[in-house]
Amino acid sequence: MAIRKAVKGTAVVASGGLVAFYGLTQLTEYRKKQARLSRVEAVEQVNMAFQDELPSRQAQLTALRNTQEFDVLVVGGGATGSGCALDAVTRNLKTALVERDDFSSGTSSRSTKLIHGGVRYLQKALVKLDYEQYMMVKEALHERSNLLNIAPHLTALLPIMLPIYKWWQLPYYWAGIKIYDLVAGAQCLKSSYILTKTKALELFPMLKRDKLVGAIVYYDGQHNDARMNLAIALTAARYGAAIANYTEVVHLLKRVDPQMGKEIVCGARCRDVITGQEFDVRAKCVINATGPFTDALRKMDDQKNPNICQPSAGVHIVIPGYYSPDNMGLLDPATSDGRVIFFLPWEKMTIAGTTDTPTEITPHPIPMEEDINFILTEVRNYLSPDVEVRRGDVLAAWSGIRPLVTNPNSKDTQSICRNHIVHISDSGLVTIAGGKWTTYRSMAEDTLDAAVKAHNLSAGPSKTVGLMLEGAKDWTPTMYIRLVQDYGLEVEVAQHLASSYGGRAYEVAKMAHVTGKRWPIVGKRLVSEFPYIEKLLFYLN
């Protein structure tokens, strides 16, 4: 078996030459894009007013009701929908967005918190010589670099370790990771490297020592997914998009096109979930960016539309921080059933996951006990026997539904490509489906390109590459020190405000309550173990 795997690994390394060639041919292109990111301020290209004060939800609802016709109405306030709204409004299109729950309340806040190109997708591209998967990884690596640039306060580099327990795996995985670096080209975050057994255990002392050969470390990005989603939506609002949460679509509006003689979508009947009031939002183009609920909106358009999404449940668990180092993640590339498990530090805790199993679509998916136990079992396989992995250590768990694009030839969701598709129905409904968190911006760009063409909208190319998101302006890695010195906040609280709100953290600090103590002067904690302060609740509301 080991020989067969070794031969397979050799074949993969050989086939990697093709991918390496692609990577080399694209290196110049990557360098140009990187230069564009570092030298061009995208905001200078956006010829429109930027609002310093955000409109209230009531003001946004009024705009939705009273605007005669929008150019674009986006349905769905997840990462992709918010990205579509930002892309549209920065093209000078009159833009609206409605979300029936809260921004990032669904799949977009239930991710692995990684900004990544997809190591395992690259592996599949190599094994199957799949050029489409290779291009998906290449695109994601470009978007990874862009996202780290446009929201530095919400993102960070994260080294991830691949422990090696068989000698033949060392050259196999090393070649794969080096190709990953190569495909990233000039946008490679940091070069991967090999660790000896001693050094690996020094950096990750919880690892199982028995038969450990060494480890390979590579770099990806990590982000606060829920806050990132909100930052995208807020940025769209500051550029003039009318966006409203807790506003659901009751049904789509249609009119008969006199030229084509058929019905076309021209807006949506919406309902304010809080008050129950209904109103019409008319638009030249409606974009369906509802993630797992894509098919539900497609059937509002036409009951005969077939399903194009195959939902897959991704479960994550949160366990105490002592299960992993503060600054090093771990990847199990080959679990007992072939899935990949990440083991990542997150806000002084550890996230472990994810699963990948077919599921039914529900508004609030609940993690299954068998999925939690599967993750715990895989965690045990990689940790030292000294570390007792207990079910009682699971502090939290969540399940997110991935809106995977159905491949009729696939037998399970693991083999479905994570790429996205843009579909335009006969009635003009634009649907964006599939994809992944990291590529939300390019998905939005492709969607708006298709929408502009299909509906003859007057708009130029996308301007979101390099466009700084909410809070990124005026943020620096050391701004938390100013918060401590100028406002008298505890260091941990100041760091939390800086990493959550970026340059807007000063506005939050000004609203913090005086503690009545000598130190800290302001910033009374809600709970002593966490850096959340009282006035913060009023700011969030």
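The values are calculated or read from the model by the stated rules, or taken from the named source; none is laboratory data. Since the structure is predicted, the reported quantities are computational estimates derived from the model, not experimental observations. Here the Cβ is made from the backbone with ideal geometry for all residues, glycine too, and neighbour counts use every protein chain on show. All accessible areas refer to the heavy atoms of the entire protein, side chains included, with ligands and DNA or RNA removed. Shrake-Rupley method; radii C 1.70, N 1.55, O 1.52, S 1.80 Å.
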Response to the item:
Each label sits 7 Å from Cα toward the beta-carbon; between residue 388 and residue 135 the label points are separated, in nm, by 5.4 nm
Worksheet entry | Rounded, prolate or oblate (a/c below 1.5 giving rounded, otherwise prolate when a/b exceeds b/c) for the stretch 478-540 by Cα gyration tensor | rounded
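Sort 443-449, 475-481, 422-428 by the packing proxy (mean of other Cβ within 10 Å over each peptide's residues), most packed first.
Per-residue Cβ counts within 10 Å, averaged per peptide and sorted highest first, yield 443-449, 422-428, 475-481.
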Practice prompt. Using DSSP, restrict attention to beta bridges with both residues in the chain and report what percent are antiparallel, rounded to the nearest 5.
Written response: 80 percent
Item to complete: Return the whole-Å distance between the Cα centroid of the stretch 110-128 and the Cα centroid of the stretch 205-224.
Response: 17 Å
Discussion item. Net charge around residue 100, counting only other residues with Cβ within less than 12 Å of its Cβ (Lys, Arg = +1; Asp, Glu = -1)?
Written reply: -4
Response to the item:
A student applying the Cα gyration tensor rule (rounded when a/c is under 1.5; otherwise prolate if a/b is larger than b/c, oblate if not) would label the stretch 172-281 prolate
Worksheet entry | Burial order of peptide ranges 489-496, 320-327 (average beta-carbon count within 10 Å, highest first) | 489-496, 320-327
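With a length cut of 24 Å (Cα positions projected on each helix's long axis) and a Kyte-Doolittle mean of at least 0.0, go through the chain and give me the DSSP H helices that pass.
Working: long enough: 2-25 (35 Å, 0.97); 131-150 (29 Å, -0.51).
Span-like helices here: 2-25.
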Practice prompt. In whole Hz, with x marking every Gly and Pro, tabulate ³J(HN,Hα) for the stretch 390-397 from phi via Karplus 6.51 cos²θ - 1.76 cosθ + 1.60, θ = phi - 60°.
Written response: 10, 4, x, 7, 6, 7, 6, 8
Practice prompt. Under a cut-off of 12 Å between alpha-carbon atoms, report the aspartates and glutamates in cross-link reach of residue 535, not counting same-chain residues fewer than 8 places apart.
Written response: 507
Worksheet item: So what's the gap between the Cα centers of the stretch 281-347 and the stretch 171-197, to the nearest angstrom?
Response: 26 Å
Worksheet entry | Listed residues 511, 477, 456: farthest to the positive end of the dipole of the stretch 444-541 (Cβ charges) | 511
Worksheet entry | Surface share of carbon and sulfur [accessible, 1.4 angstrom probe, percent] for the stretch 222-318 | 50 percent
Worksheet entry | Candidate lysines for bridging to residue 254, where Cα separation is under 23 Å - those fewer than 8 sequence places away on the same chain excluded | 94, 262, 284, 299, 304, 453
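Does the stretch 224-314 classify as rounded, prolate or oblate by the C-alpha gyration tensor (a ≥ b ≥ c root eigenvalues; a/c under 1.5 gives rounded; else a/b over b/c gives prolate, otherwise oblate)? Before the final figure, lay out each step's value.
Details: a/c = 1.82, a/b = 1.28, b/c = 1.41.
Verdict is oblate for the stretch 224-314.
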Response to the item:
Residue span residue 279 to residue 485: 0.36 nm per residue of separation minus Cα-Cα distance leaves a gain in nm of 69.2 nm
Worksheet item: Across 20 Å bins from the origin, how do the percents of Cα pairs in the chain run, short distances first?
Response: 20, 54, 24, 1
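For every helix of n ≥ 4 consecutive DSSP H residues, a contribution of -39,500 (n - 2.57) applies; sum these over the chain, divide by its total residues, and give [θ] at 222 nm rounded to the nearest 500 deg cm²/dmol.
Numbers: 17 runs with 200 residues, N = 541.
My calculation for the chain gives -11500 deg cm²/dmol from helical runs alone.
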Item to complete: Would you please state the base-10 log of I(q)/I(0) at q = 0.14, 0.20, 0.22 1/Å for the stretch 435-541, with intensities from the Debye formula using one equal scatterer on every alpha carbon?
Response: -0.66, -0.95, -1.08
Worksheet, complete the sentence: Once normalised by the length of the chain, the mean sequence separation of its alpha carbon contacts under 8 Å that are 6 or more apart gives a contact order in percent of 19 percent
Worksheet item: Which whole-number value in Å² is the accessible area per residue of the chain, probe 1.4 Å?
Response: 45 Å²
Worksheet entry | Nearest-20 debye value, the stretch 226-354 charge dipole, Cβ charges on Lys, Arg, Asp, Glu | 420 debye
